[in-house]
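The values are calculated or read from the model by the stated rules, or taken from the named source; none is laboratory data. The shown structure was predicted, so the numbers you read here are calculated from the model rather than taken from an experiment. Neighbour counts are summed over all protein chains in view; Cβ atoms, including those assigned to glycine, are modelled from backbone coordinates with ideal geometry.
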Ligand SMILES: [Zn+2]
């Protein structure tokens, strides 16, 4: 389970030169997602004086949604405390913004990159949006729904199952979270 490619179905077993390229691409996207997560923490710390809830309390999770051509469509960071919205997870915000930008709810061909393993809500939303590929960083053994506690993204009872790659830049992504909880 603790390897980079955890996808079943189409993604499974693809290795070699293509696999190395893909890994590099995933790591590049993950660096961008980390940037979003960390910038979020700084931005919310600066804005905390003007917001009723200390937004710096938001767990630094960042997400990037890429179109089929690899272009960045939208970003999202966890804003649950900032907005007081229980659904304001990084993935959901990135999905909403990308769908708004494209003018449609179907995001097939798109890739969602997030620094932490998605929860059940986000995994459900990713399936409903028909996202083709999900790439995540740190594993979340307590709430993860992409292989840890549940595996919503690859449940064979669902008619849409994205390819899943977990543990990308695991050390870096886990370090950002550890620093927050320290
Ligand atoms: Zn979530």
Among the residues of segment 83-100, the number that are within 15 Å of the ligand (Cβ to nearest atom) and either buried (at least 18 other Cβ atoms within 10 Å of the Cβ) or at positive phi (or both) is 9
With the requirement that a residue be surrounded by fewer than 22 Cβ atoms within 10 Å (Cβ to Cβ) and either in a loop (DSSP other than H, G, I, E, B) or at pLDDT below 95 (or both), what does segment 101-113 give you?
103, 104, 105, 106, 108, 109
Out of segment 61-82, which residues are out of contact with any strand residue (DSSP E or B) (no Cβ under 7 Å at 6 or more places or on another chain), modelled with pLDDT of 95 or more and surrounded by 22 or more Cβ atoms within 10 Å (Cβ to Cβ)?
78
When segment 118-137 is checked residue by residue, the ones that are more than 11 Å from residue 153 (Cα to Cα) and touching a strand residue (DSSP E or B) at 6+ places or on another chain (Cβ under 7 Å) are 135, 136, 137
Taking the stated definitions as given, is residue 72 within 22 Å of residue 169 (Cβ to Cβ) and more than 16 Å from the ligand (Cβ to nearest atom)?
yes
Looking only at segment 114-145, and only at residues there that are under 15 Å from residue 64 (Cα atoms) and away from the ligand (no atom under 14 Å from the Cβ), the one that is surrounded by the fewest Cβ atoms within 10 Å (Cβ to Cβ):
132
Run down 168, 135 and say which single residue is within 14 Å of the chain's Cα centre (by Cα) and closer than 15 Å to residue 122 by Cβ.
135
Limited to segment 155-180, what total is found for residues that are in a loop (DSSP other than H, G, I, E, B) and touching a residue at least 12 places away in the same chain (Cβ under 8 Å)?
8
